[in-house]
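Down below is the structure, laid out as structure tokens.
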Amino acid sequence: MRKILIASMAAAAFSLTACSEKTQDAASETADSMADDAAATGDAMAEGAADAADATAAAADDAAAATAAAADKAGNAVEGTVNAAGDAAAAAGDKIEAETKKAEANDK
């Protein structure tokens, strides 16, 4: 009876050891899987951040180009207005000169 009891206890101990090893293996695999998932998530976040930075830079470039184009158009409009004012002043000067000559001719 004693041999059976010792054999049963040894079998139980061996069973617990085997179960414990399986549990450790499963826990190790789970930890490895979690580490892989965390690394993949970190990579995806880094890629997303890089894409967002690229999009922001592209938008800033577009805004700068649009601002430069608007400034160029505004400069052209101002130049056109100045030219038109100069032409109007020249025409007024010509008319004044013509009227002055008429008045001088009438005075003689």
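The values are calculated or read from the model by the stated rules, or taken from the named source; none is laboratory data. A quick note: this is a predicted structure, and the numbers were derived from the prediction, not measured. Every residue, glycine among them, receives a Cβ derived from its backbone with ideal geometry; neighbour counts consider all protein chains shown.
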Item to complete: Take Gly48 and decide whether it is more than 23 Å from the chain's Cα centre (by Cα) and without any contact (Cβ under 8 Å) to a residue 24 or more places away in the chain.
Response: no
Fill in: Meets criteria (in a helix (DSSP H, G or I), modelled with pLDDT under 90 and of a type in the set (A, V, I, L, M, F, W, C)) for Ala98
yes
Worksheet item: In this structure, is Gly93 surrounded by 10 or more Cβ atoms within 10 Å (Cβ to Cβ) and over 26 Å from the mean Cα position of the chain (by Cα)?
Response: yes
Worksheet item: Among the candidates Ala63, Ala39, which residue alone is surrounded by 10 or more Cβ atoms within 10 Å (Cβ to Cβ), within 23 Å of the chain's Cα centre (by Cα) and either at pLDDT 80 or above or part of a helix (DSSP H, G or I) (or both)?
Response: Ala63
